[in-house]
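**Student:** Quick one: structure below, then a few questions.
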């Protein structure tokens, strides 16, 4: 079959104007698909890669995010000393109580948006250690000093080392910049939890994070989570740290997936029609050649396979073109509203291997669907008629 | 008898019009015989050739080739039969413009179980027989009309078919090239005993054949040695 494939592939090259047109039209649809999928994957990756698997995030039962959760001080005391919580070298539990809220801040370049502010204990830097101070220092407990995520620098007014944010009528100085490698904390502002609670008149924490002493074996039972679920003193809901952030990507991630399917679907109909027209023209132009193949003994199904292969090649090339035109956005930072927390989440477009594979599979399907009808038409012409051209 | 055509009727429909092209034609072609089909345009020569080659099916009658009845076979079976038994030579050569002479001649061999090496040997032999061993890598656009028809003949004989069907093989060529093609067909006929059924308008070409069959309005009006 390789010899006859050579004929079909060379035919694409000989008719390169039509081939290029089909590749571009499929490529445009694929480009849109890649952009939206890269947006979704970038958003998901920024959250889902945040944190450590051996950190347990504890929320109030019924709460779906940190912002909705309430944990009382005595519950925090119980949780901190819970069986199975790791301790540091000085014997202090690796546990922290926090509060999470959205704060409306002015963006550089105009406009404002809600940004996540996390009231934390200094111990949080040891427990949530995926966030590292890369410039400046940690805040001093009991003060209004703040540390900002690196993604906010240059995006939010005052978010830079030495700058200040206007909070509750007072300037809160920025004393540090943290980096968690593209994760969620890069978009957060951290300050002292007690100062935060005073400033915003809160008296309860929202989240407790516990470092496990004993890791959970893959597929094994999570004894600590089971104990917590049955503990009548605390109505708790637990996640792993990355698991919590994954749960926060669901709504926007799903919405972006549907948007990509919708947009790419509409554009792919146009691309498929364009490809089908090109293929039909090619079939009409090559009628005598098709007749010759049939006269030589090639069967109609072999003609179908040949033309569908041509369409498949157009689809794959279109997919590659689409990925290529979308590629420059890979790694570009942007921000969007997280529909779970209603805060701005910064992340980078991410064209992963999965996105490329999805794009090429999609474009191949468009090519094959577009090419099937012309291929069938080519094979159904009686050879004696096709030979007349 | 290699080919036995009995009572073949063929009708074409164009819009509301029905045109009967062959009216119960009988024709026998012996193994190793060269038959020229002549007649005015529309007399049914090419239709008869297509029916003998299994490119089309008659409305009535019987076509037996090498003891095998063609009527009643489906498209796939006829394609398989053509690949094994028929070598075609067309007026306009019908070469694939994107393939070289070698690749064009190799095409029918792609339907056989031959290895790549065996296919190469067969193609080189066929191209040598038509005197184009040195033009294997040329594309049709780089060859003259006569050379293209030689490539087409090499393609027709490369599978060693039972017989050749030639539809106006010299119709698109100048006198000299046409003469060379006829000489080549004559060689194949004499050296290898290939039966040839050739449609032609050219009385000079028809003289090369062993037998001349003249059609008019879908019936054979003359059948002479």
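The values are calculated or read from the model by the stated rules, or taken from the named source; none is laboratory data. None of these values were measured; they are calculated from a predicted model. Because the Cβ atoms are built from the backbone with ideal geometry, glycine has one as well, and the counts that use them run over all protein chains shown.
**Student:** With the structure loaded, tell me whether residue B:179 is in contact with a strand residue (DSSP E or B) (Cβ under 8 Å, 6 or more places away or on another chain), more than 17 Å from residue B:2 (Cβ to Cβ), free of Cβ contacts under 8 Å to residues at least 12 places away in the same chain and surrounded by fewer than 23 Cβ atoms within 10 Å (Cβ to Cβ) or whether it fails that test.
**Tutor:** no
**Student:** If I filter the stretch B:67-84 down to residues being in contact with a strand residue (DSSP E or B) (Cβ under 9 Å, 6 or more places away or on another chain) and at the interface with another protein chain (Cβ under 9 Å from one of its Cβ atoms), which single residue comes out as nearest to residue B:49 (Cα to Cα)?
**Tutor:** Restricting to residues being in contact with a strand residue (DSSP E or B) (Cβ under 9 Å, 6 or more places away or on another chain) and at the interface with another protein chain (Cβ under 9 Å from one of its Cβ atoms), the top hit is B:82.
**Student:** Please state which one of B:5, B:64 is at pLDDT 95 or above, surrounded by fewer than 22 Cβ atoms within 10 Å (Cβ to Cβ) and either in contact with a strand residue (DSSP E or B) (Cβ under 6 Å, 6 or more places away or on another chain) or over 19 Å from residue A:299 (Cβ atoms) (or both). Full working, then the answer.
**Tutor:** Working: B:5 fails: surrounded by fewer than 22 Cβ atoms within 10 Å (Cβ to Cβ).
Just one listed residue meets the conditions, B:64.
**Student:** Select from the stretch A:109-121 the residues that are outside any strand (DSSP E or B) and either touching a residue at least 60 places away in the same chain (Cβ under 8 Å) or within 19 Å of residue A:203 (Cα to Cα) (or both) and list them in ascending order.
**Tutor:** Keep residues of the stretch A:109-121 that are outside any strand (DSSP E or B), which gives A:109-111, A:121.
Residue satisfying the conditions is A:121 alone.
**Student:** Would you mind stating whether residue B:166 is outside any strand (DSSP E or B) and either at pLDDT 95 or above or surrounded by 20 or more Cβ atoms within 10 Å (Cβ to Cβ) (or both)? Outline the logic, then answer.
**Tutor:** Values: outside any strand (DSSP E or B): no; either at pLDDT 95 or above or surrounded by 20 or more Cβ atoms within 10 Å (Cβ to Cβ) (or both): yes.
When the stated conditions are applied, residue B:166 does not pass them.
**Student:** Looking at (1) assigned to a helix (DSSP H, G or I); (2) more than 14 Å from chain A (Cβ to nearest Cβ); (3) under 23 Å from residue B:167 (Cβ atoms), which is the only condition residue B:131 fails?
**Tutor:** Checking residue B:131 against (1) assigned to a helix (DSSP H, G or I); (2) more than 14 Å from chain A (Cβ to nearest Cβ); (3) under 23 Å from residue B:167 (Cβ atoms), the one that fails is (1).
**Student:** Please give the strands (runs of 3 or more DSSP E) falling wholly within the stretch A:135-252 in which 1 or more residues are under 30 Å from residue A:41 (Cα atoms), touching a residue at least 40 places away in the same chain (Cβ under 8 Å) and not assigned by TED's automatic domain parsing to the domain that holds residue A:43. If you could, list the steps in order and put the result at the bottom.
**Tutor:** Details: elements: A:146-149, A:164-167, A:170-179, A:189-192, A:207-211, A:236-240.
By residue number, A:146-149, A:170-179, A:189-192, A:207-211, A:236-240.
**Student:** Also, quick follow-up: When you go through B:123, B:158, B:98 one by one, which is the residue that is within 14 Å of another protein chain (Cβ to nearest Cβ) and closer than 23 Å to residue B:49 by Cα?
**Tutor:** Only one candidate passes the filter, namely B:158.
**Student:** Within the stretch B:201-225, work out how many residues are more than 16 Å from residue B:26 (Cα to Cα) and in contact with a strand residue (DSSP E or B) (Cβ under 9 Å, 6 or more places away or on another chain). Step through it out loud before you land on a result.
**Tutor:** Step one: of the stretch B:201-225, the residues more than 16 Å from residue B:26 (Cα to Cα) are B:201-210, B:225.
Those still in the list that are in contact with a strand residue (DSSP E or B) (Cβ under 9 Å, 6 or more places away or on another chain) too: B:201-203, B:205-210, B:225.
Adding up the residues that qualify gives 10.
**Student:** If residue A:316 satisfies all but one of (1) surrounded by fewer than 20 Cβ atoms within 10 Å (Cβ to Cβ); (2) part of a loop (DSSP other than H, G, I, E, B), what's the number of the condition it fails?
**Tutor:** Single failed check for residue A:316: (2).
**Student:** Would you mention how many residues in the stretch A:168-184 are over 15 Å from residue A:122 (Cα atoms) and either within 22 Å of the chain's Cα centre (by Cα) or surrounded by fewer than 20 Cβ atoms within 10 Å (Cβ to Cβ) (or both)?
**Tutor:** 11
**Student:** Can you go through A:321, A:372, A:347 and tell me which one is more than 14 Å from chain B (Cβ to nearest Cβ), in a strand (DSSP E or B) and either at pLDDT 85 or above or surrounded by 21 or more Cβ atoms within 10 Å (Cβ to Cβ) (or both)? Break it down stepwise before answering.
**Tutor:** Numbers: A:321 fails: in a strand (DSSP E or B); A:372 fails: in a strand (DSSP E or B).
Going through A:321, A:372, A:347 in turn, just one is more than 14 Å from chain B (Cβ to nearest Cβ), in a strand (DSSP E or B) and either at pLDDT 85 or above or surrounded by 21 or more Cβ atoms within 10 Å (Cβ to Cβ) (or both): A:347.
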